[in-house]
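Visitor: Pasting a structure below so you can have a look.
The values are calculated or read from the model by the stated rules, or taken from the named source; none is laboratory data. These numbers come from a predicted model, not from an experiment. In this analysis, Cβ positions are derived from the backbone assuming ideal geometry, glycine residues included, and neighbour counts consider all displayed protein chains. Protein only, heavy atoms only, side chains kept; ligands, DNA and RNA dropped before computing areas. Shrake-Rupley method; radii C 1.70, N 1.55, O 1.52, S 1.80 Å.
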Number of protein chains: 2
Amino acid sequence: MAIRTTAPGRPRDPEVDRRIARAALDTFGELGWAGFAMEVVARRAGVGKASLYLRWSSKEALLTDALTTGLVRMNDVDTGTVRGDLVELATQMLDLYAGPSRGAAMRLALEAGSIPGIAENYAAMRTSQIQAARAIVRRGITRGELPAGTPVTLLLDTLIGGAMMHALSSPAFDTATYAGQLVDFLLGSPSHPFE
Amino acid sequence: MAIRTTAPGRPRDPEVDRRIARAALDTFGELGWAGFAMEVVARRAGVGKASLYLRWSSKEALLTDALTTGLVRMNDVDTGTVRGDLVELATQMLDLYAGPSRGAAMRLALEAGSIPGIAENYAAMRTSQIQAARAIVRRGITRGELPAGTPVTLLLDTLIGGAMMHALSSPAFDTATYAGQLVDFLLGSPSHPFE
């Protein structure tokens with residue numbers, strides 16, 4: 001997915017890279033693709049436009065890179081238990097939609113399909129995220145932590161959608177507490193009120 | 001919430017009103033507030049710009065009106081049972097985010113806070129929707145359909161967020177079937193796999 005073109009042999013400053021990625025996500029979140037321009041990102045990051053072009057050949061490449069490093073990394077989740085994995089997944093969603101990248105994440109969902117050079121990467125990222133999330137539930141079934149008939153789609157829709165909805169509608173909350181309560185509610189743990 | 005200013009005595013054609021509301025939601029969904037202009041909506045609806053100004057004094061008034069009539073009407077939900085009410089609520093969310101107003105609904109969540117004249121109306125609409133949804137659950141508790149300790153926030157986060165997530169990520173689905181399964185999953189009915 002990385003289509004960054006780095007000038008060979010040029011040493012990179014991770015702090016500058018982070019600042020540029022942050023500026024790119026903020027710009028995209030505020031202005032959308034229509035307002036996303038290399039010079040706007042450069043100004044916001046406090047670097048020269050030329051040095052941006054030295055690192056990324058186009059604004060499509062810059063945004064793809066910022067999105068890849070800055071948003072959710074569902075693929076890496078593997079804590080050893082299905083409850084741990086689902087809590088981690090909920091935490092990532094809560095952090096994403098309550099944190100500084102919220103605008104970029106929502107813009108992406110809204111606009112990705114119509115941005116040339118981003119649409120395919122976004123579709124691939126979504127597919128890989130969905131597969132990673134389904135793998136978490138299937139591992140739980142294999143380990144005997146969940147019944148074989150667990151409705152994977154319903155469980156993930158309500159977990160991921162519930163975390164997103166809470167982050168978007170609640171003024172303030174404790175992420176770890178809510179993530180645990182959400183997973184216990186959906187898994188029907190002893191605290192589940194409907195059992 | 002309606003701030004429409006109608007010229008007195010002027011008969012209105014409901015079909016034209018519907019076409020204008022549709023054009024307003026489509027324009028806002030595609031272009032956001034930055035691209036929302038009376039003449040763009042007029043052209044798309046096939047009416048004169050002057051006749052739009054006869055009905056609405058400003059583009060804020062036009063968009064508010066289109067959003068009020070075109071989006072979710074949670075306040076009217078009262079089927080007599082909590083399951084019926086929650087299925088109706090899920091159906092409204094599925095229709096909204098899988099239907100033609102999806103773009104407008106997502107733009108609204110993203111941009112409402114920063115649009116002058118819309119922000120306050122949006123906040124009031126959200127508050128009234130949340131209160132209506134909570135009232136549905138409380139009626140269910142009062143009627144003895146749900147236990148007294150039902151976690152209202154978790155139930156509504158997962159119901160509304162789950163429906164939204166499903167509509168945004170599934171290519172095709174049967175709304176009535178999914179709405180029923182979603183509610184049964186969350187209420188822990190006989191089909192609940194974790195009981």
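Visitor: Looking only at the stretch B:165-179, filter to residues that are in contact (Cβ under 8 Å) with a residue 60 or more places away in the chain and away from chain A (no Cβ under 12 Å); which one of those is farthest from B:G99 (Cα to Cα)?
Guide: Across the stretch B:165-179, the extreme among qualifying residues is B:A176.
Visitor: Is it the case, given these coordinates, that A:G188 is open to solvent by less than 40 Å² (accessible area, probe 1.4 Å) and small (G, A, S)?
Guide: Yes, satisfied.
Visitor: Now for a separate question. Which of the residues belonging to the stretch A:116-134 are part of a helix (DSSP H, G or I) and either buried (at least 16 other Cβ atoms within 10 Å of the Cβ) or touching a strand residue (DSSP E or B) at 6+ places or on another chain (Cβ under 8 Å) (or both)?
Guide: Correct list: A:N121, A:Y122, A:M125, A:Q129, A:A132, A:A133.
Visitor: Taking B:M106 and the conditions (1) within 13 Å of chain A (Cβ to nearest Cβ); (2) over 16 Å from the mean Cα position of the chain (by Cα); (3) touching a residue at least 12 places away in the same chain (Cβ under 8 Å); (4) open to solvent by less than 30 Å² (accessible area, probe 1.4 Å), which numbered condition does it fall short on, given that it satisfies the others?
Guide: Among (1) within 13 Å of chain A (Cβ to nearest Cβ); (2) over 16 Å from the mean Cα position of the chain (by Cα); (3) touching a residue at least 12 places away in the same chain (Cβ under 8 Å); (4) open to solvent by less than 30 Å² (accessible area, probe 1.4 Å), B:M106 violates only (2).
Visitor: Farther than 30 Å from B:F28 by Cβ, more than 10 Å from chain B (Cβ to nearest Cβ) and not β-branched (V, I, T): does that describe A:A132?
Guide: In short, yes.
Visitor: Inspect all residues belonging to the stretch B:136-143 and state whether any of them is open to solvent by 20 Å² or more (accessible area, probe 1.4 Å) and within 20 Å of A:G188 (Cα to Cα).
Guide: Yes: one or more hits.
Visitor: Sticking with this structure for a sec: Restricting attention to the stretch B:1-48, and to residues there that are at pLDDT 90 or above and acidic (D, E), which single residue is nearest to the chain's Cα centre (by Cα)?
Guide: Per the criteria, the residue is B:D26.
Visitor: How about the stretch A:66-100: which of its residues are surrounded by fewer than 23 Cβ atoms within 10 Å (Cβ to Cβ), more than 20 Å from A:I130 (Cα to Cα) and in contact (Cβ under 8 Å) with a residue 24 or more places away in the chain?
Guide: Hits for the stretch A:66-100 are A:A98, A:P100.
Visitor: Here's something else I'd like to know. Within the stretch B:113-125, identify whether any single residue is within 12 Å of chain A (Cβ to nearest Cβ), without any contact (Cβ under 8 Å) to a residue 12 or more places away in the chain, on the phi < 0 side of the Ramachandran plot and within 15 Å of the chain's Cα centre (by Cα), and answer yes or no.
Guide: There is at least one residue in the stretch B:113-125 that is within 12 Å of chain A (Cβ to nearest Cβ), without any contact (Cβ under 8 Å) to a residue 12 or more places away in the chain, on the phi < 0 side of the Ramachandran plot and within 15 Å of the chain's Cα centre (by Cα).
Visitor: Sticking with this one: Looking only at the stretch B:144-169, which residues are open to solvent by 30 Å² or more (accessible area, probe 1.4 Å) and part of a loop (DSSP other than H, G, I, E, B)?
Guide: B:G144, B:E145, B:P147, B:A148, B:G149, B:P151
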